[in-house]
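Following: one structure in C-alpha cells, then a few remarks.
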Amino acid sequence: MPLAHGEVHVCFYSLDVESAELQRLEQLLSADELARAKRTLNRTVRNRFIAGRGTLRRILARYLEKEPESVVFAEGEQGKPYLADRAEHQRLRFNLTHKHERAALAVSGGSELGIDLEELQETIPFCRMAERFFLSKESEELSSLPHEQQLAAFYRCWTRKEAYLKGLGTGLTRPANSFGVSLLPGQPPILDDLQYPELGRKWTLHDIGVPVGYCAALAMEGKPAALTCFPWT
C-alpha cells in the first residue's frame with residue numbers, strides 16, 4: 001500500500017491489548033526491542049511499549065509491502081526513529097506519539113513530519129508553564145483569553161510546538177520559545193520560526209481531530225498533497 005509523495009495518513013491505536021494479542025506483537029520485535037522491554041520494570045509501561053512497537057511494525061509493513069519482522073529501524077541523534085533502509089526512508093517517513101494507552105502514528109510519502117498527542121489536564125500550572133516555555137507574545141495571548149478557553153489554547157500551542165520539534169528531530173533540546181505558533185481560537189495553525197526563518201517557511205502545521213479531552217497537531221515539511229485521518233477507535 002505505497003503512499004504517493006506528500007500524502008499523509010494519521011491513525012490511532014490502543015496500547016492496551018489482550019494478552020494473546022500482546023504475545024503475537026512481541027514476536028514481531030527485534031532483539032534490541034525485546035531487550036529494551038525486558039529492562040522496563042513497570043509492567044504496564046513494558047506491555048505498552050511492546051504493543052506500540054509491534055503495531056508500528058505491522059502498519060509500516062503494509063506500506064512497505066514486507067513482513068513486520070523485517071522492518072529495521074535506526075535513530076537520529078536525539079532518538080527520532082526512522083527506517084534504516086535508505087530507499088525505504090526516502091519513500092516513507094513516520095512519527096509516533098503516545099499518551100497513556102493511546103498512540104497516534106503519522107506516515108507520509110517521503111516528507112518529514114512530526115505529530116503530538118496530549119490529554120488535557122486541568123490540574124497542571126499551564127499559565128506558569130506558558131511563561132517558561134512560550135514566547136512572551138504567546139503567553140500574553142493565552143492570558144488574554146477567558147479562563148474557560150485558556151486550557152484548550154495552551155494545549156493547542158503546546159502540541160503545535162511539540163509536533164514541529166519532533167518533525168525536526170530536535171525534541172526539547174531546542175527551546176520552544178525560539179519559534180512561534182498561533183494559539184487563539186479560530187486562528188489557522190501558523191508557524192513562525194524566529195531562529196531559522198527559511199527553515200520554518202518549509203513547514204506547515206495542521207490540527208488533528210481527536211475526541212473531547214485530547215489535543216493533537218501535525219507538523220510537515222511542505223504541504224500535504226492529501227491528509228487522511230483514520231477514525232479514533
Out of the residues in segment 8-50 that are buried (at least 16 other Cβ atoms within 10 Å of the Cβ) and acidic (Asp, Glu), which is farthest from the chain's Cα centre (by Cα)? Glu26
Could you pull out the residue among Tyr82, Tyr155 that is surrounded by fewer than 20 Cβ atoms within 10 Å (Cβ to Cβ), of a type in the set (Ser, Thr, Tyr) and under 15 Å from the mean Cα position of the chain (by Cα)? Tyr82
How about segment 74-87: which of its residues are free of Cβ contacts under 8 Å to residues at least 40 places away in the same chain and outside any helix (DSSP H, G or I)? Ala74, Glu75, Pro81, Tyr82, Leu83, Ala84, Asp85
Candidate set: segment 158-192, residues that are among the β-branched types (Val, Ile, Thr) and surrounded by fewer than 21 Cβ atoms within 10 Å (Cβ to Cβ); chosen: the one modelled with the highest pLDDT: Ile190
Can you run down the residue pairs with Cβ atoms below 7 Å, 6 or more apart or on separate chains, where the first is in segment 13-28 and assigned by TED's automatic domain parsing to the domain that holds Asn95 and the partner is outside any loop (DSSP other than H, G, I, E, B) and β-branched (Val, Ile, Thr)? Tyr13/Thr55; Leu22/Ile50; Leu25/Ile50; Leu25/Thr55; Glu26/Ile50
So Arg43 fits all but one of (1) closer than 26 Å to Leu205 by Cα; (2) modelled with pLDDT of 95 or more; (3) out of contact with any Lys or Arg (no Cβ under 9 Å at 6 or more places or on another chain); what number is the exception? (1)
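The values are calculated or read from the model by the stated rules, or taken from the named source; none is laboratory data. As the structure is a prediction and not an experimental result, all values here were calculated from the model. Here the Cβ is made from the backbone with ideal geometry for all residues, glycine too, and neighbour counts use every protein chain on show.
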